[in-house]
Amino acid sequence: MATTTRVLAVLAAAAALTAPATASTAAPARAAACTGYVGLTFDDGPSGTTASLLNALRQNGLRATLFNTGQNAAANPSLVRAQVTAGMWVANHSYTHPHLTRLSQAQIDSEISRTQQAVANAGGGTPKLFRPPYGETNATVKSVAARHGLTEIIRHVDSQDWNGASTDAIVQSVARLTNGQVILMHDWPANTLAAVPRIAQTLASRGLCAGAISPQTGRAVAP
């Protein structure tokens, strides 16, 4: 009986010694799988589909930058907080989603500044990134955004989900991303939501991970 007790004690000690080593070697292995980072972005939220999108992203281990409109953030503060809780980055997409290049400087300033305030009031922090609606910009839009401490982000790849792209087409557009690039998607299309698990698989198969977008360079980097 004493011998059995000693054997069990030795086995327990061995397990205690090897467990930390196993854990410490697992983390670098996961990190090594990321040979590059891409920026997944979703525009126009928060909306009635935001909760489903957040669930899909979390279940598939993805993080994204969410370009919210100010009016939606003001109307759905709990969803802005849910975006942050889910590990996403919240950014500025104007207040009412107008064609900014057709507006006066004062109107552009109002669109951007009100969104900064709406996001902050909703618990989303102070955005550092700005995407003009429709990707339309000019020197005035850029200067107003910069005055509010915002870096303008357009996109390297357009998923065309806003234009009725199929789930297959959305996944194929993600497959075109290279290290540092940013893809445009939206909060609301059903095909985009359906594509999320395959987006995760596609990135993993290429050694790419979903990263943050650097305000300094406008490119995707490690979170």
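The values are calculated or read from the model by the stated rules, or taken from the named source; none is laboratory data. Just so you know, these numbers come straight off a predicted model, no measurement behind them. Backbone-built Cβ (ideal geometry, glycine too); neighbour counts: all protein chains shown. Accessible surface areas use protein heavy atoms only, side chains included; no ligands, DNA or RNA. Shrake-Rupley method; radii C 1.70, N 1.55, O 1.52, S 1.80 Å.
Odds and ends about this structure:
- Test: residue in the stretch 73-86 that is surrounded by 21 or more Cβ atoms within 10 Å (Cβ to Cβ) and under 25 Å from Leu208 (Cα atoms): yes
- Listed by first and then second residue, the pairs with beta-carbon distance under 7 Å, at least 6 apart or on different chains, first residue in the stretch 77-105 and at negative phi, second among the basic types (Lys, Arg) and open to solvent by less than 50 Å² (accessible area, probe 1.4 Å), are Ala91/Arg131; His93/Arg131.
Residues are listed down the side, and each one gets a yes or a no for (1) closer than 26 Å to Glu152 by Cα; (2) polar (S, T, N, Q):
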residue	(1), (2)
Ser52	no, yes
Ala56	no, no
Asn60	no, yes
Ala64	yes, no
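- Entry remark, the stretch 97-148: residues being closer than 11 Å to Ala73 by Cα and among the polar types (S, T, N, Q) number 4 in total.
- Residues located in the stretch 119-143, provided they are more than 17 Å from Thr65 (Cβ to Cβ) and under 24 Å from the mean Cα position of the chain (by Cα): Asn121, Tyr134, Glu136, Thr137, Val141, Lys142
- When residues in the stretch 41-71 are screened for being closer than 18 Å to Trp162 by Cα and open to solvent by 20 Å² or more (accessible area, probe 1.4 Å), 5 of them pass.
- Residue within the stretch 94-105 that is among the aromatic types (Phe, Trp, Tyr), open to solvent by less than 40 Å² (accessible area, probe 1.4 Å) and farther than 21 Å from Ala56 by Cα present: no
- Count - residues of the stretch 138-167 that are in contact with a strand residue (DSSP E or B) (Cβ under 6 Å, 6 or more places away or on another chain) and of a type in the set (Val, Ile, Thr): 3
Listed here are the residues, each with its yes/no results for (1) under 20 Å from Ile154 (Cα atoms); (2) under 13 Å from the mean Cα position of the chain (by Cα).
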site	(1), (2)
Thr178	yes, no
Val196	no, yes
Thr202	no, no
Ala210	yes, yes
Pro223	yes, yes
